[in-house]
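Each remark here refers to the structure printed beneath this line.
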Amino acid sequence: MSGDGLPEQFDVVVHPASSLNGALRAQPSKNYTTRYLLAAALAPGETRVVGVATSEDAGAMLRCLRDWGAGVELVGEDAVIRGFGASPRAGVTLNPGNAGAVARFLMGVAALTTGTTFVTDYADSLGKRPQGDLLDALERLGARVGSNAGKLPITISGPVRGGVVEVSAEKSSQYASALMFLAPLLPAGLDLRLTGDIKSHAPLRQTLDTLAAFGVRASASDDLSRISIPGGQVYQAGRVLVPGDYPGSAAILSAAALLPGEVQLSNLREHDLQGEREAVNVLRDMGAAIVRQGDTLVVRGGRPLRAVTRDGDSFTDAVQALSAAAAFAAGQTTWQNVSTLRLKECDRISDTRRELERLGLTASETQGSLSVTGTAELAGGLTADGHGDHRMIMLLTLLGLRAAAPITITGAHHVRKSYPLFFRHLEALGARFDYLPTDTQSD
């Protein structure tokens, strides 16, 4: 059994719900947890990261940091990290599991070592995701890189001095974030020039925010196309508090909007830098009744929803949860400028369209957009493929709550990648699930 009391691997049967009611505290941010943990390891001395996420991504980062020589102690909901500073252990093989951001952040820092190898057990997911833009930048800085055509397994060796370097931000902001973590520890720092159509500005600002929290000086242009981080700096150990998670909370907020009842979700800062905070405004624009009371959002659900057309680049990790709301909104909702969704755990544009169509919904796509036409009723009574993707599982679960008959989702345990208590939290609000243990894992 896992820490959530559920089987290690399972399919889930989602029963229709008549209402959702209750109060929840939003889980800790996955994105801030991984950033804070890495920065804590890069700080000589001891740092307490308060309220860390319990997601698989957080576990992957902790495991890799231990392997690199950091001291890791879990104290209640906190992590106490004894950092290795600018000297992670060399000659180590790191396995980040299926955590793409963790892998990329660590690849940047690997240039501090005389050799680190990255592998994954998820050959059909993380193993297929591109890393070439980051590897090219590291090579231009003087690192020695060996890879499988820009994909894992990958070996990276330093040292590098720093200086001016270009990195493409067309496919992912994580490549630039990886170099930002490395930059202050290089003798010459880094003057980053981000090229292409920069995607996901919000995560870059989260990385800058993390550096500042650990005493690292950095400056950036308004459009983030140029980021300068002086070298010879030292990450400062201390105490940091992880904020609540907006991407996972977008699923709870969407579920609360779709069904009658009142749901209160706390621990969500009003001026948070997570781009998925915009999900609150999107749901309001769709007609949802959401009121903020300090760090708590109150949703009075069951109101009619209407379609919207929005640029989704700033809230990509909420697009699938919001697509569940779109499935029951009058008209056609379109998420534009979301091509990076094709490079996640699954193709979140084509695979989502296919799953929606399998369930009887009308959906369409372009290379960079996803459109969903709302319906008044969803029959259910089918089995849907979770595609080994935590965001897909959340979307399908929300559809099941509003369907006329139960929906079964395969590989539902993959939700633990970002939101281990997702099903338990919905149960606390009145949802009902059956968990069917499986003998094999499909990634």
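The values are calculated or read from the model by the stated rules, or taken from the named source; none is laboratory data. The structure displayed is predicted, hence computed values, not measured ones. Heads up, the Cβs are rebuilt from the backbone with ideal geometry, glycines too, and the neighbour counts pull from every protein chain shown. For accessibility, only protein heavy atoms count, side chains too; no ligands or nucleic acids. Shrake-Rupley method; radii C 1.70, N 1.55, O 1.52, S 1.80 Å.
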| request: Filter region 165-222 for residues that are charged (D, E, K, R), at pLDDT 95 or above and not in a helix (DSSP H, G or I) and give the result. | output: Glu166, Asp191, Arg193, Arg217, Asp222
| When you look at Thr54, is it in contact with a Ser or Thr (Cβ under 6 Å, 6 or more places away or on another chain), among the polar types (S, T, N, Q) and open to solvent by 20 Å² or more (accessible area, probe 1.4 Å), yes or no? | no
| query | Could we say that Leu204 is more than 21 Å from the chain's Cα centre (by Cα) and open to solvent by less than 40 Å² (accessible area, probe 1.4 Å) here? | reply | no
| Filter pass, Gly45 being out of contact with any Asp or Glu (no Cβ under 6 Å at 6 or more places or on another chain) and on the phi > 0 side of the Ramachandran plot | yes
| task | Output yes when any residue across region 140-157 is surrounded by fewer than 17 Cβ atoms within 10 Å (Cβ to Cβ), out of contact with any strand residue (DSSP E or B) (no Cβ under 6 Å at 6 or more places or on another chain) and touching a residue at least 24 places away in the same chain (Cβ under 8 Å), and no when none is. | result | yes
| request: Give region 306-345 a look and list any residue that's hydrophobic (A, V, I, L, M, F, W, C) and modelled with pLDDT under 95, or say none. | output: Leu343
| task | Out of the residues in region 118-139 that are in a loop (DSSP other than H, G, I, E, B) and out of contact with any helix residue (DSSP H, G or I) (no Cβ under 8 Å at 6 or more places or on another chain), state the one that is least open to solvent (accessible area, probe 1.4 Å). | result | Ser125
| Would you pick out the residues in region 180-193 that are in contact with a strand residue (DSSP E or B) (Cβ under 6 Å, 6 or more places away or on another chain), in contact (Cβ under 8 Å) with a residue 40 or more places away in the chain and either among the β-branched types (Val, Ile, Thr) or surrounded by 19 or more Cβ atoms within 10 Å (Cβ to Cβ) (or both)? | Ala183, Pro184, Gly189, Leu190
| Flag for Arg348 being at pLDDT 95 or above, of a type in the set (Lys, Arg) and open to solvent by less than 10 Å² (accessible area, probe 1.4 Å) | yes
| task | Only residues that are surrounded by fewer than 19 Cβ atoms within 10 Å (Cβ to Cβ) and more than 16 Å from Gly85 (Cα to Cα): list them for region 102-117, please. | result | Gly115, Thr117
| task | Specify the residue that is farthest from Met392 (Cα to Cα); the eligible residues are those in region 295-319 that are open to solvent by 50 Å² or more (accessible area, probe 1.4 Å) and of a type outside the set (Lys, Arg). | result | Asp295
| request: With respect to Glu377, determine if the residue is over 19 Å from the mean Cα position of the chain (by Cα), buried (at least 18 other Cβ atoms within 10 Å of the Cβ) and closer than 21 Å to Leu258 by Cβ. | output: no
